[in-house]
Amino acid sequence: MPLSYSSKAAIIPASTINLLRKNMHPNWKDFLTAQGAVITDGVVSHFQDPSAESNAAKNGTILADLSHHAVIAVTGDDAEAFLHGQFTNDVKKLKGSNIQFNGYCSPKGRLLASFFLWKQNDRYLMQLPTALRESVQKRLTMYVLRSKVKLADASSETIRIGVAGPDAAVLAQKITGAPAPGPNDLFHGEKATVLGLSQNRFEVLSSPEHAPEIWRQLSESAAQVGANHWDWLGVRAGEPVITPATQEQFVPQMTNMDLIDGVSFQKGCYPGQEIVARMQYLGKLKRRMYLVNIAADAVCPGDELFSADLEGQASGMIVNAAPSPNGGFDALAVIQIESARDHEVRFKSLDGPKVHLNQLPYEGVDKA
C-alpha cells in the first residue's frame, strides 16, 4: 500500500515540526484542506487517495505543495560577493534568469547543506530543508561581519508549488504565458515565477493572493499528491539533499555535485575549497552517490550500508530517500565504489535487505 509522507519517515524533532507548521501560510493551509489535503505536522501527507497518487507520480503529471521546504532571503549591496565567497558554485553567474544547485561546506570541505539558489530582483533566495534553515542562516550570519548583507527567513512569503510529469511544461507555459523554462532556467510571469528544476519538473512561486487560482488551474490537468511523491522525483533526478543526519559526512564530489553543475572549479575561495579542489585534481575519489532501491519498512538519511569487503565497517550511507510507487524505498546513497562494483551491499547490516543499484539520469556514475 502506498505510504503517506509521515508514515515511514524519520522521527521529526518538535522544533522542526514547529518550523514546518510556521512555513505554511495559514490561508494556504485552509485552501489546501478544502481541496482534500491531509496535513500532518505542516506537511501534506496526501489528498485522500494515496494509491491513485502513487500511480500518478509514476505515470502522470502531478501537483504538490512544497511548504515543507524553507527559503532564506539574502539582501544587501554585498550579497553577491558574500555568497560567492561562501558557496561551492559561481554565484556571479546568477542573472535573474537562471537557478543553481549549490552547496555550503565546512572548512574541512564537508557539506553542511545543498540547495537551489536563484536571484530575484535585488535579493538571492536559497531553498533548503526546513530542518537546516535556522542553523545555516545563523552560521552564514556569523560570517557577515562588516559586509552589507542581511539574511532573513522568507519561507512564508511565497507559496511554492511543484508540478512534474509529461504535461508539466505545457502547464508551466499556461501559468506565465511564455515557453516553459528549461532545466536551471527561471522565468518571471505577472502572477508567478517558474523555476526549471529538471526535465518536465518545475517549481512555481506565487503570492498567497494568486496561489489558489494557479493551483486550481494546474489541478485541472495534474493530480494532487502528497509531499513524499515530490521528494521521490527529486531522488530519481539524483539531487542530493543534505539533512541534519548527514551534515559534514560528504565532500561535494561524493554526492555527485560535480556531475550536476553544483560546484565551480574556476571560482575563488570558499570554506573547504582547498580540500574540494584537491580531491578533484590530486585525489582519488573512493565513494560516489548511487540511486538504489531497498525493500525495507523505513529508509532514512544517515542509515548505513554494509558489504563483506569492509569487515564490519560501513561501506555506505543513505543521503535521502522516499517511498517508491514501485515498492520499497528509492534512495540516494553514497557507497564505496569498489563495494558497489564488486560486492553485494546490504541495508543496516550484512544480514539486512539487499541494496539494488539503478541507473542515475546523468552520466558519470555506473550502475555497477
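Since every read-out is calculated from the coordinates, none of them should be taken as a lab result. If you're wondering where the values come from, they're calculated on a predicted model, not measured in any experiment. Reconstructed Cβ throughout: ideal geometry from the backbone, glycine too, with neighbour counts over all protein chains shown.
DSSP beta bridges in the chain, what fraction antiparallel, as a percent rounded to 5? Roughly 95 percent of the DSSP beta bridges within the chain come out antiparallel. Looking at the chain, what % of the alpha carbon pairs are farther apart than 25 Å? Tail of the P(r) past 25 Å holds 53 percent of the pairs. Our Cα-only numbers for the range 180-237 put the radius of gyration and Dmax at 12.0, 32 Å. If a paramagnetic tag sat 7 Å from the Cα of Asn326 along the Cα-Cβ line, which residues of the range 32-68 would have the backbone N under 15 Å from that point? Answer for this model: 55-60.
Any idea how far the Cα center of the range 72-119 sits from the one of the range 270-306, in Å? Here the two parts' Cα centres lie 21 Å apart. Return, ordered by residue number, the residues of the range 171-211 whose backbone nitrogen is under 18 Å from a label point located 7 Å along Cα→Cβ of Asn121. Backbone N within reach: 187-195, 205-211. With the Kirkwood sum run over all distinct C-alpha pairs, the range 84-225 has a hydrodynamic radius of 16.3 Å.
In terms of surrounding Cβ atoms within a 10 Å radius of their Cβ, Leu66, Leu285, Leu171 rank from fewest to most as Leu285, Leu66, Leu171.
Label-to-label distance, Tyr362 versus Lys22, with points set 7 angstrom from Cα along the beta-carbon direction: 3.2 nm.
Over all directions, the projected convex hull of the C-alpha atoms in the range 252-358 averages 7.5 nm² in area.
A crude spin-label estimate for the pair Ser135 and Ala314, with each label 7 Å from Cα along the Cβ direction, gives 1.4 nm. Across the range 153-206, how large is the tail of the calculated P(r) beyond 14 Å, expressed as a percent of all Cα pairs? Taking all Cα-Cα pairs of the range 153-206, the fraction more than 14 Å apart is 44 percent.
Please report how far the C-alpha centroid of the range 27-53 lies from that of the range 138-197, rounded to the nearest whole angstrom. Here the two parts' Cα centres lie 22 Å apart. Cβ crowding within 10 Å, taken as a proxy for footprinting-reagent exposure, orders Cys269, Cys105 from fewest neighbours to most as Cys269, Cys105. Label-to-label distance for Gln217 and Asp342 is 5.7 nm, based on points extended 7 Å past Cα in the beta-carbon direction.
Amide H to amide H distances under 5 Å link Leu112 with Tyr104, Cys105, Ser106, Glu248, where only residues 5 or more positions off or on other chains count and H is placed in the peptide plane. Cross-link reach is defined here as a Cα-Cα straight distance under 16 Å, omitting same-chain residues fewer than 8 places apart; for Lys191 the aspartates and glutamates meeting it are Glu157, Glu203, Glu209, Glu213. Between Ala81 and Asp185, residue separation times 0.36 nm minus the direct Cα-Cα distance comes to 35.3 nm. Taking other Cβ atoms within 10 Å as a rough exposure proxy, Ser106, Ser155 sort from fewest to most as Ser106, Ser155. Normalised size of the range 318-368, defined as Cα radius of gyration per 2.2 N^0.38 Å with N residues, equals 1.15.
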